[in-house]
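Only one structure is covered here, and it is reproduced in the block below.
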Amino acid sequence: MAVGLFYYVARANAFRNLWHKVSQEETVFFDKLGHILNGFKEIKVNRRKNEDVFESYVEVNDKIRDYRIQTTKLYNIVLIFLEIFIYVLLGLILFALPHFHAEHSEG
């Protein structure tokens, strides 16, 4: 039980940290999007700036995509582990615990 609890806490902390990174990258993403919208005329006229802004935008977008994929995988691992842990705990309560009670034990 203790091993399961420590595993869950470690995975939950890793998930929380990754979620924080996703939030930070999304803030950067929306800042870049705001710069694109505010400087639209200049970006449209200057091809070099257009390519630089696009590359920067794609880089941030790719980071967010990768972080979201990692976050989703970690979330699913934590969720599946938690469900398995609950079913094992329920099985222990229903089948193993009655053997330790005086009314249900033989002998």
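Restricting attention to segment 1-33 and to residues that are under 30 Å from ILE77 (Cα atoms) and among the charged types (D, E, K, R), the residue that is surrounded by the most Cβ atoms within 10 Å (Cβ to Cβ) turns out to be GLU25. Restricting attention to segment 80-89, does a residue exist that is touching a Gly at 6+ places or on another chain (Cβ under 7 Å), surrounded by 11 or more Cβ atoms within 10 Å (Cβ to Cβ) and at pLDDT 80 or above? So far as segment 80-89 goes, yes, one or more of its residues are touching a Gly at 6+ places or on another chain (Cβ under 7 Å), surrounded by 11 or more Cβ atoms within 10 Å (Cβ to Cβ) and at pLDDT 80 or above. Return the residues of segment 34-48 that are at pLDDT below 80 and surrounded by 10 or more Cβ atoms within 10 Å (Cβ to Cβ); say none if nothing qualifies. Matches in segment 34-48: HIS35, ILE36, GLY39, PHE40, GLU42, ILE43, LYS44.
Please work out if LEU33 is in contact (Cβ under 8 Å) with a residue 24 or more places away in the chain and over 23 Å from the mean Cα position of the chain (by Cα). Here the answer is yes, as LEU33 does meet what is asked.
Among the residues in segment 6-21, are any farther than 30 Å from LEU89 by Cα, in a helix (DSSP H, G or I) and free of Cβ contacts under 8 Å to residues at least 12 places away in the same chain? Don't jump to the end; show me each part of the working.
Taking segment 6-21 and keeping what is farther than 30 Å from LEU89 by Cα, we get 20-21.
Checking which are in a helix (DSSP H, G or I) leaves us with 20-21.
Subsequent filtering for residues that are free of Cβ contacts under 8 Å to residues at least 12 places away in the same chain retains 20.
Looking for residues that are farther than 30 Å from LEU89 by Cα, in a helix (DSSP H, G or I) and free of Cβ contacts under 8 Å to residues at least 12 places away in the same chain, one finds at least one in segment 6-21, hence yes.
The values are calculated or read from the model by the stated rules, or taken from the named source; none is laboratory data. Only a predicted model underlies this, so the values are computations on that prediction, with no experimental measurement involved. Counting neighbours? That spans all protein chains shown, and the Cβs are built from the backbone with ideal geometry, glycine included.
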